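The values are calculated or read from the model by the stated rules, or taken from the named source; none is laboratory data. For clarity, every value in this text was computed on a predicted model and none was experimentally measured. Positions of Cβ are generated from backbone atoms using ideal geometry, with glycine treated the same way; all protein chains shown enter the neighbour counts.
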Amino acid sequence: MGSVKNKKNILATNLDKISLLTRMINRIRKNVMSKVLLIYPELYRSPFVSSSVVAVLKKQFELFPPLGILYIGRSLLDAGYEVEAIDFNSTSYNEAILLRLLSEKDAVGITTNSFNLRGVDRLISDIRKAKPHIRIVIGGPDVTLHPRVIEGSDLSIAGEAEKTAPAIFDALLNDGDFSKLNGAIYKMPLSKRTVYGKAPYIEHNLDSIKFPARELLTAKEKSQGYNLFGEKYKNRIATMITTRGCPFRCRFCACNAISFKKYRKRSVQSCLEEIDQIHKEGYVILGIVDDNFLSIANRKLMIGIFNGIIERGYKFSIVAEGRVDSALDEQLYALMRRAGVVAVIYGMESMNQDVLDFYRKGTTVELNRKATQLTYKYGIFSFAYFIIGTPFEDETLIKKMLKDMYSLRLDMVNIGGLLYSYGAPLWYEAKEKGLIDASEYAVPAGNEYNLSPLSSSQLSSLSYRALLAFYVRPIYWIRFFQKAMKFDKRALYFIFRILQKVFFYLFQLR
Ligand code: B12
Ligand code: SF4
């Protein structure tokens with residue numbers, strides 16, 4: 001009797017195994033057949049960012065390939081999907097291209113941020129016209145900040161998604177249960193009631209994420225590339241990210257809401273392995289696109305990465321973003337130069353200490369000066385962001401601040417009006433004071449909302465005029481040519497290309 005029972009048990013276990021195997025094979029076969037298109041939509045003119053800046057960005061700043069869809073692409077490729085990707089900032093949007101890409105696709109994944117929503121709307125409507133029943137899923141910073149179903153899509157996903165992407169597309173394509181998906185937001189088919197799935201996913205161990213599938217956007221035969229640095233370098237620009245989130249809490253910045261206040265770092269070893277791969281794949285320009293890479297808070301990782309690049313003898317031209325507190329350690333600048341950093345982008349925000357304190361920036365006007373001096377000394381191109389429009393900044397204070405800004409030896413600046421954007425501490429404060437409504441996701445500072453003594457259009461025109469004035473100063477050019485001697489040859493070429501494009505568009509828009 002016992003042995004019959006045993007045999008039955010063994011048979012049952014084997015049948016279980018066979019059925020699991022069959023399900024796995026079916027799933028793999030299904031996935032092999034499933035074809036996914038990932039899209040980074042076109043940036044649209046926005047009512048709240050200076051239109052000149054948006055236009056310059058839109059027309060000429062196909063700076064870097066977007067990483068989000070490349071990470072998701074890698075994870076889908078590994079799961080057996082066929083994947084194509086397109087960035088409609090590097091390849092101009094047109095319906096014919098979209099139609100070609102959509103043919104034979106089963107699903108589309110789109111990244112949205114708060115600045116490309118109009119592009120996303122048009123995209124979804126064009127996709128639906130061409131393929132009414134194709135499955136569409138939307139993710140990205142705007143959904144994370146403001147979890148909702150994006151009109152016309154089947155599913156929206158808040159949070160990070162490289163680990164969950166196969167499950168998301170599996171559910172999407174096989175009528176799976178969305179409620180089990182992390183960060184899912186969708187509507188019930190009949191009642192149209194909005195339903196939220198499990199909590200958004202956030203990866204705690206960044207080293208466990210596979211490297212992005214860069215080939216999806218830079219393969220010559222498929223992509224128009226990123227033309228900012230010229231034809232020769234079009235497909236030789238790579239980006240990477242070494243940390244997610246930020247340890248600081250500036251009041252105007254939504255970064256901590258997007259990363260759920262979780263600051264995470266990769267190990268030096270993982271970053272260098274990715275850099276080895278990027279080098280092997282022939283990329284020449286490397287953008288390190290962390291929210292905050294250059295910072296004294298990130299000193300160990302910076303030193304490890306830059307030393308690794310120097311030891312390997314790689315000759316990248318590197319661009320990185322960060323804080324001026326990096327100026328507390330001059331050695332970092334010497335190291336950056338040796339590792340091939342050609343340009344740094346600082347969030348300086350203001351040359352008025354009260355303004356910096358209002359933003360809880362945690363930096364000083366003196367550090368702004370020091371960082372500019374060190375960037376100058378080591379022959380690195382400096383680009384800094386400034387913001388005007390705190391509640392106490394009148395025209396006199398702003399003009400004084402701009403004068404102080406002009407005294408810095410910066411190579412390029414961007415001056416924008418303060419934006420109360422959803423997710424940033426200032427947005428919540430203004431909402432609590434009843435100055436803005438919960439439904440207003442990006443409000444430009446201005447007296448229309450009692451947020452500034454000046455109107456938003458005054459702030460916008462002040463910033464645009466200041467931007468132009470910055471470049472027409474003779475002293476700017478004298479300093480620039482003095483510094484140009486310090487740039488290495490390739491950096492100089494890139495820098496001239498950037499400036500040439502900026503001027504062309506700034507003056508064209510005048
Ligand atoms: C590099 C960068 C740029 C570069 C390059 C852009 C590019 N091609 O990627 C440049 C300088 C051009 C740029 C420009 C701008 N940027 Co920018 N940028 C970044 C930055 C620093 C890194 C982006 C990145 O690669 N992240 C890493 C990847 C892995 O994350 P991710 O893209 O969010 O993708 C993950 C999830 O969102 C999700 N996901 C993404 N897409 C999808 C799709 C699907 C289907 C699913 C399921 C999931 C999913 O899964 C991904 C993997 O986990 C981010 C900040 C940040 N840390 O993300 C800001 C950020 C995206 N930018 C921002 C802004 C405001 C801008 C500008 C408007 C700036 C300006 N004032 O002009 C412009 C607009 C550009 C545009 N085309 O829309 C904001 C957007 C905020 C918002 N409310 O939406 C961010 C979040 C910065 C911030 N803290 O506020 N930017
Ligand atoms: S502005 Fe920069 S330093 Fe401040 S919180 Fe945002 S990313 Fe961090």
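List the helices (runs of 4 or more DSSP H) inside the stretch 227-323, counting only whole elements, that have at least 2 residues being more than 11 Å from ligand 1 (Cβ to nearest atom) and modelled with pLDDT under 95. Before you say what the answer is, go through the steps one by one.
Details: elements: 255-258, 268-280, 299-312.
Passing ranges: none, list empty.
Out of the stretch 380-396, which residues are under 22 Å from Ala327 (Cα atoms), in contact with a Gly (Cβ under 7 Å, 6 or more places away or on another chain) and crowded, with 20+ Cβ neighbours inside 10 Å? Before you say what the answer is, go through the steps one by one.
At the first step, the residues of the stretch 380-396 found to be under 22 Å from Ala327 (Cα atoms) are 380-387.
Applying the additional criterion that residues be in contact with a Gly (Cβ under 7 Å, 6 or more places away or on another chain) yields 385, 387.
Within the stretch 380-396, just Ile387 meets the criteria.
If you take the residues in the stretch 289-323 that are under 22 Å from Arg236 (Cα atoms) and touching a residue at least 60 places away in the same chain (Cβ under 8 Å), which one is surrounded by the fewest Cβ atoms within 10 Å (Cβ to Cβ)?
The selected residue is Val289.
Output the residues belonging to the stretch 355-375 that are closer than 22 Å to Ala320 by Cβ and either at pLDDT below 95 or of a type in the set (A, V, I, L, M, F, W, C) (or both).
Once the filter is applied, which keeps residues that are closer than 22 Å to Ala320 by Cβ and either at pLDDT below 95 or of a type in the set (A, V, I, L, M, F, W, C) (or both), the stretch 355-375 yields Leu356, Leu367, Ala371, Leu374.
Just to be sure I understand the filter: pairs with C-beta atoms under 6 Å, separated by 6 or more residues or on different chains, first member in the stretch 117-137 and closer than 16 Å to Phe169 by Cβ, second member hydroxyl-bearing (Ser, Thr, Tyr) and crowded, with 20+ Cβ neighbours inside 10 Å. Which pairs pass?
Between residues of the stretch 117-137 that are closer than 16 Å to Phe169 by Cβ and residues that are hydroxyl-bearing (Ser, Thr, Tyr) and crowded, with 20+ Cβ neighbours inside 10 Å, the close pairs are Ile136/Ser153.
Only one of Leu402, Leu499, Leu467, Leu408 is closer than 30 Å to Val284 by Cβ and touching a helix residue (DSSP H, G or I) at 6+ places or on another chain (Cβ under 6 Å). Can you tell me which?
Leu408
Within the group Lys433, Lys399, Lys377, which residue is within 18 Å of Phe252 (Cα to Cα), surrounded by fewer than 18 Cβ atoms within 10 Å (Cβ to Cβ) and away from ligand 2 (no atom under 16 Å from the Cβ)? Quick ask: steps written out before the conclusion?
On the way: Lys399 fails: within 18 Å of Phe252 (Cα to Cα); Lys377 fails: within 18 Å of Phe252 (Cα to Cα).
After ruling out the rest, the residue left standing is Lys433.
Taking Leu77 as the residue in question, decide whether it is out of contact with any Ser or Thr (no Cβ under 7 Å at 6 or more places or on another chain) and modelled with pLDDT of 90 or more.
On the way: out of contact with any Ser or Thr (no Cβ under 7 Å at 6 or more places or on another chain): yes; modelled with pLDDT of 90 or more: yes.
Yes.
Can you name the residue in the stretch 259-271 that is more than 10 Å from ligand 2 (Cβ to nearest atom) and crowded, with 20+ Cβ neighbours inside 10 Å and, of all such residues, is farthest from Leu356 (Cα to Cα)? So that I can check it myself, show each step before the final result.
So the first thing to find is which residues in the stretch 259-271 are more than 10 Å from ligand 2 (Cβ to nearest atom), and the list is 260-262, 264-271.
Subset that is crowded, with 20+ Cβ neighbours inside 10 Å: 266, 271.
Numbers: Arg266: 29, Cys271: 32 Å.
The selected residue is Cys271.
Considering only the stretch 279-297, state which residues are out of contact with any helix residue (DSSP H, G or I) (no Cβ under 6 Å at 6 or more places or on another chain) and charged (D, E, K, R).
Passing the criteria: Lys280, Glu281, Asp290.
Looking at Lys501, Lys483 in this structure, which one is in a helix (DSSP H, G or I), under 25 Å from Tyr333 (Cα atoms) and among the charged types (D, E, K, R)?
Details: Lys501 fails: under 25 Å from Tyr333 (Cα atoms).
Exactly one of Lys501, Lys483 is in a helix (DSSP H, G or I), under 25 Å from Tyr333 (Cα atoms) and among the charged types (D, E, K, R), namely Lys483.
Looking only at the stretch 328-348, count how many residues are within 16 Å of ligand 2 (Cβ to nearest atom) and surrounded by fewer than 24 Cβ atoms within 10 Å (Cβ to Cβ). First the steps, then the outcome.
Filtering the stretch 328-348 for residues within 16 Å of ligand 2 (Cβ to nearest atom) gives 328, 344-348.
This time we only want the ones that are surrounded by fewer than 24 Cβ atoms within 10 Å (Cβ to Cβ), so: 328, 345, 347.
Total satisfying the criteria: 3.
Look at the stretch 242-285 and say how many of its residues are of a type in the set (Ser, Thr, Tyr) and free of Cβ contacts under 8 Å to residues at least 24 places away in the same chain. Give the derivation first.
If we filter the stretch 242-285 for residues that are of a type in the set (Ser, Thr, Tyr), which is where we start, we get 242-243, 259, 263, 267, 270, 283.
Then keep just the ones that are free of Cβ contacts under 8 Å to residues at least 24 places away in the same chain; that gives 263.
Total meeting the criteria: 1.
Which residues, counting only those in the stretch 336-359, are part of a loop (DSSP other than H, G, I, E, B) and on the phi > 0 side of the Ramachandran plot?
Looking only at the stretch 336-359, we keep the residues that are part of a loop (DSSP other than H, G, I, E, B), and these are 340, 350-352, 359.
Correct list: Gly340 only.
Working carefully through the options Gly416, Gly434, Gly389, find the one that is over 24 Å from Val289 (Cβ atoms) and within 16 Å of ligand 1 (Cβ to nearest atom). Even if it seems obvious, please write down each step before you answer.
On the way: Gly416 fails: over 24 Å from Val289 (Cβ atoms); Gly434 fails: within 16 Å of ligand 1 (Cβ to nearest atom).
Every option except Gly389 fails the conditions.
Scan the stretch 281-329 for residues that are more than 19 Å from Lys265 (Cβ to Cβ) and among the charged types (D, E, K, R) and report the count.
4
Is the stretch 170-185 home to any residue that is within 17 Å of Ile39 (Cα to Cα), under 17 Å from the mean Cα position of the chain (by Cα) and touching a residue at least 60 places away in the same chain (Cβ under 8 Å)? Spell out how you get there, then give the answer.
The initial filter retains those residues of the stretch 170-185 that are within 17 Å of Ile39 (Cα to Cα), namely 172.
Keeping just the survivors that are under 17 Å from the mean Cα position of the chain (by Cα) gives none.
Checking the stretch 170-185: not a single residue is within 17 Å of Ile39 (Cα to Cα), under 17 Å from the mean Cα position of the chain (by Cα) and touching a residue at least 60 places away in the same chain (Cβ under 8 Å).
Sort through Glu440, Glu432, Glu448 and tell me the only one that's in contact with a Phe, Trp or Tyr (Cβ under 9 Å, 6 or more places away or on another chain), under 30 Å from Asn256 (Cβ atoms) and not assigned by TED's automatic domain parsing to the domain that holds Phe115. Even if it seems obvious, please write down each step before you answer.
Details: Glu432 fails: in contact with a Phe, Trp or Tyr (Cβ under 9 Å, 6 or more places away or on another chain); Glu448 fails: in contact with a Phe, Trp or Tyr (Cβ under 9 Å, 6 or more places away or on another chain).
One residue alone meets the criteria, Glu440.
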